[in-house]
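Enquirer: Below you'll find the structure I mean.
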Amino acid sequence: METRSDIALTGHASSKPAEWRDYLSLMKPRVMTLVVFTAFAGYIAAPQSIHPVMAAIAIFALAIGAGAAGALNMAYDADIDLRMRRTRLRPVPLGKVRQEDAYGFGIVTAGISIVLMMLAANIFAAAMLAFSIFFYAVIYTMILKRRTPQNIVIGGAAGAFPPMIGWVIATGTVSMDAVILFSIIFLWTPPHSWALALYKAGDYADAGVPMMPVAKGAKRTRLEILIYSMILTPFALAPVLTGLGGLLYGLAAFLGGAVFIILAWRVYNSRAGEAGSAEEGALYAVRAGDKAARDLFAYSIGYLATLFAALIAEHAMGAYIATPIGGLL
């Protein structure tokens with residue numbers, strides 16, 4: 001079995017110097033986009049604000065902080081990325097960026113993001129950003145990911161911090177509404193990630209990563225997805241009860257949640273995860289038996305984006321169509 005020290009010998013070593021695109025890829029730009037989007041939602045939904053230029057710099061600091069965490073994750077996971085079809089073309093296993101360079105890039109970028117956040121916003125936001133980077137790079141990547149099938153449940157906190165940090169950028173404090181936004185993403189992460197893990201179980205098994213389908217089996221994973229989905233979807237209505245979300249958000253959460261439950265029920269009644277991974281390496285390559293899991297995975301991304309887009313619309317444009325239920329309690 002290959003180890004991290006074997007990457008240079010067994011990976012697709014390249015004699016060409018790394019390009020800026022390789023370092024951008026290290027930062028997981030798709031994840032950065034979601035981080036910026038949810039952080040902006042948290043900022044715009046907060047009852048206070050800071051100067052727009054400072055806010056933009058702070059959100060940028062959060063984005064590069066998330067990218068730094070992604071780079072550290074890719075550096076540490078180079079050995080398992082090399083054995084997974086889904087990840088073997090990442091810059092480190094492909095040999096475009098040396099492992100030590102990825103570590104250095106991640107550490108330096110993390111430091112810059114934290115200092116920038118402190119200067120643009122406040123020390124509390126900077127501390128939360130530092131902790132979120134540490135949580136993802138160390139707690140999740142280095143400790144949990146290879147040891148427990150609950151890795152994504154506990155580690156999901158790292159991806160749930162952005163809207164809370166956005167809120168803290170604006171207010172300098174954490175409120176119940178900020179915790180609710182955190183909790184929505186925290187509860188969303190397991191069904192989203194396990195749906196992917198179901199139809200990519202062979203990849204995780206090859207890499208020795210104890211994701212739920214590998215460690216507990218496909219049937220248990222399908223049940224866990226359904227349970228988390230049934231907790232997530234009603235909880236996603238909490239912003240309506242507190243007054244954070246209005247009618248637009250409520251409709252998005254209710255209708256979107258109903259579809260989420262239907263898709264999770266389809267996964268539960270399917271044989272997803274029992275046929276092994278797809279033959280092709282593409283993310284959405286899927287066997288017929290795994291289609292229900294692929295559909296839930298794809299939908300879950302749009303579901304989360306819709307919830308936070310509704311919050312942004314209501315708060316940024318004053319688009320409350322009716323008095324929030326929370327205002328009547």
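Enquirer: Which residues, taken from region 231-260, are under 20 Å from the mean Cα position of the chain (by Cα) and assigned to a helix (DSSP H, G or I)?
Expert: Result: Ile231, Leu232, Thr233, Phe235, Ala253, Gly256, Gly257, Phe260.
Enquirer: Please determine whether any residue of region 169-179 is within 18 Å of the chain's Cα centre (by Cα), assigned to a helix (DSSP H, G or I) and either surrounded by fewer than 24 Cβ atoms within 10 Å (Cβ to Cβ) or of a type in the set (Gly, Ala, Ser) (or both).
Expert: Residues of region 169-179 within 18 Å of the chain's Cα centre (by Cα): 178-179.
Narrowing further to those that are assigned to a helix (DSSP H, G or I): 178-179.
If we keep only those that are either surrounded by fewer than 24 Cβ atoms within 10 Å (Cβ to Cβ) or of a type in the set (Gly, Ala, Ser) (or both) as well, we get 178-179.
Yes: one or more hits.
Enquirer: Would you mind telling me which numbered condition in (1) of a type outside the set (D, E, K, R); (2) part of a helix (DSSP H, G or I); (3) surrounded by fewer than 17 Cβ atoms within 10 Å (Cβ to Cβ); (4) at pLDDT below 90 Met1 fails?
Expert: (2)
Enquirer: Mind checking which pairs have a first residue in region 117-128 that is closer than 12 Å to Trp167 by Cβ and a second that is among the β-branched types (Val, Ile, Thr) and in a helix (DSSP H, G or I), Cβ under 7 Å, 6 or more apart or different chains?
Expert: Ala121/Ile169; Phe124/Val168; Ala125/Ile165; Ala125/Val168; Ala125/Ile169; Met128/Ile165; Met128/Val168
Enquirer: Something else about it: Which of (1) touching a Gly at 6+ places or on another chain (Cβ under 8 Å); (2) surrounded by fewer than 22 Cβ atoms within 10 Å (Cβ to Cβ) does Met164 not meet, given it meets every other one?
Expert: Answer for Met164: the failing condition is (2).
Enquirer: Only one residue in Tyr103, Tyr140 is of a type in the set (Ser, Thr, Tyr), farther than 26 Å from Tyr249 by Cβ and under 15 Å from the mean Cα position of the chain (by Cα), so which one is that?
Expert: Details: Tyr103 fails: under 15 Å from the mean Cα position of the chain (by Cα).
The match here is Tyr140.
Enquirer: Further, regarding this structure: Pull out all pairs, ordered by first then second residue, where Cβ-Cβ is under 7 Å, the residues are six or more apart or on different chains, the first lies in region 182-193 and is more than 15 Å from Leu223 (Cα to Cα), and the second is at pLDDT 95 or above and not in a helix (DSSP H, G or I).
Expert: Between residues of region 182-193 that are more than 15 Å from Leu223 (Cα to Cα) and residues that are at pLDDT 95 or above and not in a helix (DSSP H, G or I), the close pairs are Ile184/Ala236.
Enquirer: To continue, here is another question. Among (1) outside the structural domain of Leu62 (by TED's automatic domain parsing); (2) surrounded by fewer than 23 Cβ atoms within 10 Å (Cβ to Cβ); (3) not acidic (Asp, Glu), which single condition is Ile152 missing?
Expert: (1)
Enquirer: Out of all the residues in region 181-229, which are touching a Pro at 6+ places or on another chain (Cβ under 6 Å), modelled with pLDDT of 95 or more and under 25 Å from Val35 (Cα atoms)?
Expert: Listed by number, the residues that qualify are Leu181, Ile225, Tyr228, Ser229.
The values are calculated or read from the model by the stated rules, or taken from the named source; none is laboratory data. Given the structure is predicted, the values throughout are model-derived calculations rather than measurements. FYI the Cβ positions are ideal-geometry reconstructions off the backbone, even for glycines, and counts take in every protein chain you see.
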